[in-house]
Amino acid sequence: GESVGLHLPTLSVQEGDNSIINCAYSNSASDYFIWYKQESGKGPQFIIDIRSNMDKRQGQRVTVLLNKTVKHLSLQIAATQPGDSAVYFCAEVDNFNKFYFGSGTKLNVKP
Amino acid sequence: DVKVTQSSRYLVKRTGEKVFLECVQDMDHENMFWYRQDPGLGLRLIYFSYDVKMKEKGDIPEGYSVSREKKERFSLILESASTNQTSMYLCASSTSGTAPYGYTFGSGTRLTVV
């Protein structure tokens, strides 16, 4: 999962396997959550979002799960591909529309 | 395709120089933000703006200032660059109101201060 520190946590997966990236958020009043993908040398790109009144949302090859009881968010990537290699980070938005970003998890896809 | 455009991908500046980082968005967003991103530290908010000519300090404003004279443009200014300002700088914009906000990032400017 994500943490604040000098080194990014890294998840290594084999091409074709499923990946699960985790994020713990802090504010129980946050009502909107986003996952971003950031490739090396580029800006973050939106992947998928979820509102607090949902516990699951699916996109193309990606699923976000929200567990409000334990304040946990996860991103599942199906059939991981080399192009999925990047840093992934979550964001939570509180009821004042302020965004808080996690520090990220590096996904390394092995061919 | 909607965009947030940062004028430079890479910049190398000398200590003590005044540095301008420019950001333009074409989505008519009210809000604009400047972050710096350092390994393992995530995104740290420097300044943001909710409207033209309005600015608010973020979490790490020291050594920086901003300017928003037009809705689409938000400039970050390093008055006297120092080596500890070597970083990746990201601009973002968003709408106000309710989710999904359209929060969009630029491609980033990697600044090296020597």
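The values are calculated or read from the model by the stated rules, or taken from the named source; none is laboratory data. Here the structure is a predicted model, which is why all the values come from computation and not from measurement. Here the Cβ positions follow ideal geometry from the backbone for every residue, glycine too, while neighbour counts run over all protein chains shown. Remember, those area values only see protein heavy atoms, side chains included, never the ligands or the DNA or RNA. Shrake-Rupley method; radii C 1.70, N 1.55, O 1.52, S 1.80 Å.
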**Message:** If I model a spin label at residue B:98 and residue B:67 as a point 7 Å from the Cα along the Cα→Cβ vector, what separation in nanometres do I get?
**Reply:** 3.9 nm
**Request:** Give the interface area between chains A and B as buried accessible surface, both sides summed, probe 1.4 Å, in Å² to the nearest 100.
**Result:** 1600 Å²
**Request:** Please give the residues of the range B:38-82, grouped as numeric ranges, whose backbone N is less than 19 Å from a label point set 7 Å along the Cα-to-Cβ vector of residue B:18.
**Result:** B:62-70, B:74-82
**Prompt:** Once you put a point 7 Å from the Cα of residue B:41 and another 7 Å from the Cα of residue B:56, both along the Cβ direction, what distance in nm separates them?
**Reply:** 2.2 nm
**Asked** How crowded by other chains is A:36-43, given as the mean number of beta carbons from other chains within 10 Å of each beta carbon?
**Response** 4
**Request:** Could you list, in their original order, any pairs among A:106/B:71; A:56/B:3; A:68/A:98; A:106/B:53; A:110/B:3 whose Cα atoms are separated by more than 30 Å?
**Result:** A:106/B:71; A:106/B:53; A:110/B:3
**Asked** Averaged across the residues of B:100-106, what count of C-beta atoms belonging to other chains lies within 10 Å of each residue's C-beta?
**Response** 5
**Fill in**
Share of accessible surface on carbon and sulfur in chain B, whole %, 1.4 Å probe and ligands ignored, is 50 percent
**Request:** Determine the shielding of peptide B:61-69 by partner chains: average, over its residues, the number of Cβ atoms on other chains within 10 angstrom of each Cβ.
**Result:** 0
**Complete:** Per the Cα gyration tensor, the protein assembly as shown corresponds to an equivalent ellipsoid with semi-axes, largest first in Å, of 30, 21, 15
**Message:** Of all beta bridges DSSP finds with both residues in chain A, what is the antiparallel percent, to the nearest 5?
**Reply:** 85 percent
